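Peer 1: Input: one structure, supplied below.
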Amino acid sequence: VVTGEDLITRLRSHMPETAQAIAANLNGQAVSLPFDPLLNQAFLNADAETSFWDHLKSGGIWIIPITIFGLLSSVIALLKLLQIRTIRIPETKLVASLANTADPEEFERQLEGVTPHARPIFAEGFAYRDAPENARSAAMSQAILSFRDRLESRLSLLGLTAAVAPLLGLLGTVTGMIKTFQIISLHGAGDARTLSGGISEALVTTEFGLVVAIPALLAHAWLNRRAKRISIQTT
């Protein structure tokens, strides 16, 4: 039983069984009614619990770009992980056999045993096998650089997400605090419910910016290290 702003006492939780019990009691019957020993505190605690979606929406408009960066970095990290896991460094025996093969058909047959990422490098070397040393070295260097570009492509976006997401969160924090101070200047600091909106926006954006930035930073560091290791092994 709670008392509203109009000073009228009402049942906080109204169920059909409760209504029937109250009606029976008014008719003189002895009934059992639910009793709230916490004086409505349990319902207030239940009202304070919010879903993840409501928690996210309380961050305001800056949650949208942070979410976009988070989803984009997650997709890129997953694709790069799948790409790196499919790369296999050719065995030394196979590399020597390919280097010593002069027959194009035999070279193509042996090239099938090389993972797709390294095939353009060997194909470039085979195409320039009779060329001067300078031309062959330049062609091989270009092929290796193209492979490195493909391997490290889009990794910079992970690093960008790790840097931008906290800044967007900080921007949301500043925006939320400005709204809070504007409310205080207009209505004073007595109404905590009115102030909670700006404070929620200030804190939630910072929280979500860090939630997006930390995994992106870890993924960028790990994938970048793996990519550099593969590049060194390939050369």
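Peer 1: Could you please give the count of residues in segment 154-190 that are among the polar types (S, T, N, Q), surrounded by 13 or more Cβ atoms within 10 Å (Cβ to Cβ) and over 19 Å from the mean Cα position of the chain (by Cα)? Break it down into steps so the answer makes sense when it comes.
Peer 2: Of the residues in segment 154-190, the ones among the polar types (S, T, N, Q) are 156, 161, 173, 175, 180, 182, 185.
The next check asks that each one be surrounded by 13 or more Cβ atoms within 10 Å (Cβ to Cβ); those that pass are 161, 173, 175, 180.
From what's left, over 19 Å from the mean Cα position of the chain (by Cα): 173, 175, 180.
Summing the residues that are among the polar types (S, T, N, Q), surrounded by 13 or more Cβ atoms within 10 Å (Cβ to Cβ) and over 19 Å from the mean Cα position of the chain (by Cα) in segment 154-190 gives 3.
Peer 1: Now for a separate question. For Phe147, state whether it is open to solvent by less than 70 Å² (accessible area, probe 1.4 Å) and at pLDDT 75 or above.
Peer 2: Yes.
Peer 1: Separate question: I'd like to verify a number: residues in segment 130-159 that are in a helix (DSSP H, G or I) and in contact (Cβ under 8 Å) with a residue 24 or more places away in the chain, how many?
Peer 2: Qualifying residue count, segment 130-159: 11.
Peer 1: Moving on to the next point. List the number of the failed condition for Gly125; all other conditions in (1) at pLDDT below 85; (2) open to solvent by 30 Å² or more (accessible area, probe 1.4 Å) hold.
Peer 2: Answer for Gly125: the failing condition is (2).
The values are calculated or read from the model by the stated rules, or taken from the named source; none is laboratory data. In this text, all values refer to a predicted model and were calculated from it rather than measured experimentally. Quick reminder, even Gly has a Cβ in these numbers, built from the backbone with ideal geometry, and neighbours come from all protein chains shown. Keep in mind that these areas ignore ligands, DNA and RNA; they rest on the heavy atoms of the full protein, side chains included. Shrake-Rupley method; radii C 1.70, N 1.55, O 1.52, S 1.80 Å.
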